[in-house]
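What follows is a single structure, written as structure tokens, with notes after it.
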Amino acid sequence: MAEKLLLPKMGASMEEGTIDNWLVDEGEKVEAGDPVVEVQTDKITIEVEAENDGILLKKLYDPGDIVPVQQVIAFIGEEGENVDDIMEDVGEEVSGEESKSENIESIFNKKLETGASSGDKVDTISIRRTPIARRLAEENDVSLEEVSGSGPLGRIQKRDIENYFKTSQKKITPLAQKMATDFQVDTSTIAGSGTHGKIIKDDIISTNRPNISERLTAKRVDFKGMRKIIAQRISDSFYSAPHVTLNSEVDMTECVTLRKKLLSVIEELESVRLSYNEIIVKATAFALRNNPNINISLKDEKEIVYHPDVNIGIAVAVPDGLVVPVLRNVDEKGLGTLAKEAKAIAKKAMDGSLTSDEMQGSTFSISNLGMYAIDGFTPIINQPNAAILGVGRIQKKSVIVDDEVAVRSMMALSLSFDHRIIDGAPAAQFLTDLKDVLENPYKLMV
Amino acid sequence: MREITYASAIKEAMVQEMRIDKDVFILGEDIGIYGGSFGVTNGMIEEFGPERVRNTPISESAISGCAVGVAMMGMRPILEIQFSDFVMIAMDNIVNQAAKMRYMFGGKTQVPMVVRLPSGSGLGFAAQHSQSLEAWMAHVPGLIVVQPSNPYDAKGLMKTAIHNNNPVIFFEQKGLYNTKADVPEEEYKIPLGVAEVKKEGTDLTVVATGIMVNRTLEAAEELEKDGNSIEVIDPRTLVPLDIKTIIESVKKTNRALVVYEAVERGGYGAEIASLIGESEAFDFLDEPVSRLGGIATPIPYNPKLEKAAVPQVEDIVKKVKSMMNK
């Protein structure tokens, strides 16, 4: 009896996943624990593993299909086992929900179509042809399916193959044809390396015509996986939430001093080095606690949720993308704990080992570009947050303090907020409070 | 070069051999003063006398039994069976004795004899005098079967047959006796098992035997007018058969037709067709290997019906055209 492979629920809030990539083909053997398919959740890519040994009998979804959690996505069983009956069961299970039953129906239809087409597939052995015609076709890589026979009962004769050679255009892919035209390559002199001697792109490139390889260096990457998710989330946020960005310059001199003093203390305590980021996170949490109207979300465009916790998402650049792991209850934690936790999730982010839950539940986010020569920017809100803080570099500048020119460590902050649910004044108040606490970090003690 | 008839060519071969080898002699019905039914042995009794040109009683059994016996004792008899149809009466001597002696005595004896068999139809001799029975003979291991189609081959093959130490069945198509061709007077032999490509062509190979070689060459000329290039192969000897030459030709032309005078059903042409089909030429065939032989009927006396019973030039043309899908 074939076992069902279900789309697992990987996080409390996970409701569906996108089939990203099948790692096993139908008919291939799997062992319990083997990864079978990559599934993209709203945050990360997970590998779904086989729970039993057997043959992957049937995949029910194609890459790109969105599947609800706990839905059957494949069957694993014994070789040759018929899964049609179980498929019907699956059909019944979901028949209550129209959209899902439609889905199953389309799978059945697809199955019927493929079944029909494989039945129609011309068996080249059964094509009526003379021995010499078959031999010539074989030697010249001509598919007998493409030759029409002129002999008795439509039998393919030697002359039919010869006529086919005469009349058939040299086979070439459209791309290769275009390239051949563009670069004036004579295709009649090229031996095709594709199926049945079809000339393909690489054959044209291998002619080493000047300019060909130069002009073809554009790398093409499928728009899928994490990149597609990021793109979706960024544009959803950007086009649904009217962004306003406020900029302010903060005197970080006191923070610099504070960090210097705490560095060795925290290192001894937690074995990590305190960075400005943690101080900024802590200060932000402090300011958010004092400005609860910033620590909010717009839920389903129906209600505004004022979050009791201050959970801050930290944007972390990872190879080819960006993840936002969450530091929870930041306002309740000391700098030592925060430093330790921040380093841990940053490392997990780089390793790609963050769990779905570790990336959910933020109420506010921080994007810190301070390690670059950036002074200010317009960050895009990490939905469902209502605001995001962009952090620039700390730089010594001459500023006026008490009517005197002084050298101070200055830093730019950029606060983008969703103007649908946060007005300009409260946002400005929050940023002002944040600036105040950063310039007077001892207030964190209060 | 001088032109002589098929009959004269055979006689010349026998005469030349009899002059050289005292062991060679001929025997048969009315072969002396009368010169044989078809005049092949005309004048031989004058040169060699009745001892070496022996008239026999009308008993093919006696002729053949005598021949087998003297051959085993070291003579080289050439016996004429008046019509090949009468070979049935000599069959036990030829098939059970002549063909097997050398094998059954472990090579301690041999039967060097030539059995001349005037065969075939077309001269109005009716059913009992017009058959082509070469397949019967070719079926028997131990017999060599020769079927020359022209005077030159007839002389050369007769010499080879006389020199061979095994019984050789020598089919002479009656309709060919008066055909003339250049034949050198001097000594020459044609080896057994070597076919001759009588005409080269590219579109279809016809393997023809006996008188059908001549009819096929005529048909090929006719077909040439429509642009069909026919290759004509004369195997000359049926056993042994030069299948290699035939296969090479079929590989070139991709089509094979076997034309023979004997009844198509079970004829030797069927053997040739099978050998082609089983050979490496198979992968070169663009048409099923086909046969064109006589229809399965006793040869009629009515001249028109007699003609209709065996392949004629127009039949060959028609058959080739159908194979060319024309």
When a/c reaches 1.5 or more, the comparison of a/b and b/c decides; with that in mind, is region A:226-445 rounded, prolate or oblate per its Cα gyration tensor? oblate
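What FRET efficiency do you get for A:Asn293 and A:Gln70 if R0 is 35 Å and r is their Cβ-Cβ distance, rounded to the nearest 0.05? Provide the component values of the computation, followed by the final result.
Working: r = 38 Å, r/R0 = 1.09.
The formula returns an efficiency of 0.40 here.
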Can you tell me the relative contact order of region A:129-215? Whole percent, Cα pairs under 8 Å, sequence separation 6 or more. 22 percent
What helix-only [θ] at 222 nm does the protein assembly as shown give? Using -39500 (n - 2.57) per DSSP H run of at least 4, over all residues, to the nearest 500, the answer is -10500 deg cm²/dmol
In degrees, nearest ten, helix B:211-224 long axis to first principal axis of chain B (Cα): 20 degrees
Cα centroid of region A:417-446 to Cα centroid of region B:1-28, whole Å: 133 Å
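Take peptide B:249-260, look around each residue's Cβ out to 10 angstrom, count Cβ atoms belonging to other protein chains, and average those counts.
So the per-residue partner count for this stretch is 1.
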Chain B, Gaussian network, Cα under 10 Å: of B:Gly293, B:Gly120, B:Gly74, the residue fluctuating most is B:Gly74
Here are some pairs, B:Lys100/B:Lys159; B:Lys159/B:Lys319; B:Lys108/B:Lys198; which of them have Cα atoms lying more than 30 Å apart in this structure? B:Lys159/B:Lys319; B:Lys108/B:Lys198
Percent RCO, i.e. relative contact order, over chain B, from Cα pairs under 8 Å lying at least 6 residues apart: 16 percent
Given a cut-off of under 8 Å on Cα pairs at least six residues apart, what relative contact order in percent is computed for chain A? 12 percent
Classify region B:3-182: rounded, prolate or oblate, from the alpha-carbon gyration tensor (a ≥ b ≥ c, eigenvalue square roots; a/c under 1.5 rounded; otherwise prolate if a/b is larger than b/c)? rounded
Choose one answer from B:Val140, B:Val206, B:Val87: the residue with the largest mean-square fluctuation in a GNM of chain B with alpha-carbon springs under 10 Å. B:Val140
Given springs between every Cα pair under 10 Å in a Gaussian network model of chain A, which of A:Thr173, A:Thr45, A:Thr257 has the largest fluctuation? A:Thr173
Beta carbons within 10 angstrom, averaged per residue: use that to sort the peptides B:159-169, A:139-149, A:70-80, highest first. B:159-169, A:70-80, A:139-149
Quick calc, region B:3-182, dipole around Cα centre from Cβ unit charges on Lys, Arg (+) and Asp, Glu (-), nearest 20 debye, gives 460 debye
Fully extended contour minus Cα-Cα distance, from A:Glu15 to A:Glu268, at 0.36 nm per residue: 86.8 nm
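Where Lys and Arg each count +1 and Asp and Glu each count -1, what net charge lies around A:Glu341 among other residues with Cβ under 15 Å from its Cβ? Present the calculation step by step, with values, prior to reporting the outcome.
Details: positive: A:Arg273, A:Lys282, A:Arg328, A:Lys333, A:Lys340, A:Lys343, A:Lys347, A:Lys348; negative: A:Glu270, A:Glu278, A:Asp309, A:Asp331, A:Glu332, A:Asp357, A:Glu358.
That works out to +1.
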At what distance in nm do the modelled label points of A:Ile230 and A:Glu81 sit from each other, each positioned 7 Å from its Cα along Cα→Cβ? 4.1 nm
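Say R0 is 22 Å: what FRET efficiency, to the nearest 0.05, do A:Ala406 and A:Met371 get from their beta-carbon distance?
The calculated FRET efficiency here is 0.30.
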Pairs A:Lys224/A:Lys348; B:Lys174/B:Lys244; A:Lys59/A:Lys201: which are spaced more than 25 Å apart, C-alpha to C-alpha? B:Lys174/B:Lys244; A:Lys59/A:Lys201
Listed highest first by mean packing, meaning other Cβ atoms within 10 Å per residue, what order do A:297-304, B:56-63 come in? B:56-63, A:297-304
If R0 is 25 Å, what FRET efficiency do you get for A:Ser240 and A:Ala428 from their C-beta distance, rounded to 0.05? 0.65
Let me know the shape class of the protein assembly as shown, please: from the alpha-carbon gyration tensor, a ≥ b ≥ c as square roots of the eigenvalues, rounded when a/c is under 1.5, otherwise prolate if a/b is greater than b/c, or oblate. prolate
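Can you tally the net charge around B:Ser37? Count Lys and Arg as +1, Asp and Glu as -1, for every other residue whose Cβ sits under 15 Å from the Cβ of B:Ser37.
Numbers: positive: B:Lys11, B:Arg116, B:Lys174; negative: B:Glu29, B:Asp30, B:Glu60, B:Glu80, B:Asp85, B:Glu172.
Around B:Ser37, the charge tally is -3.
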Inter-probe distance in nm under a simple model that places probes 7 Å from Cα toward Cβ, at B:Asp21 and A:Ser353: 10.1 nm
So what's the angle, to the nearest 10 degrees on a 0 to 90 scale, between helix B:313-323 and the longest Cα principal axis of chain B? 40 degrees
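Computed from the coordinates by the stated procedures, all read-outs in this text should not be read as laboratory data. Nothing here was measured: the structure is a model prediction, and the numbers come from that model. Please note: Cβ atoms are built from the backbone with ideal geometry, for glycine as well, and neighbour counts cover all protein chains shown.
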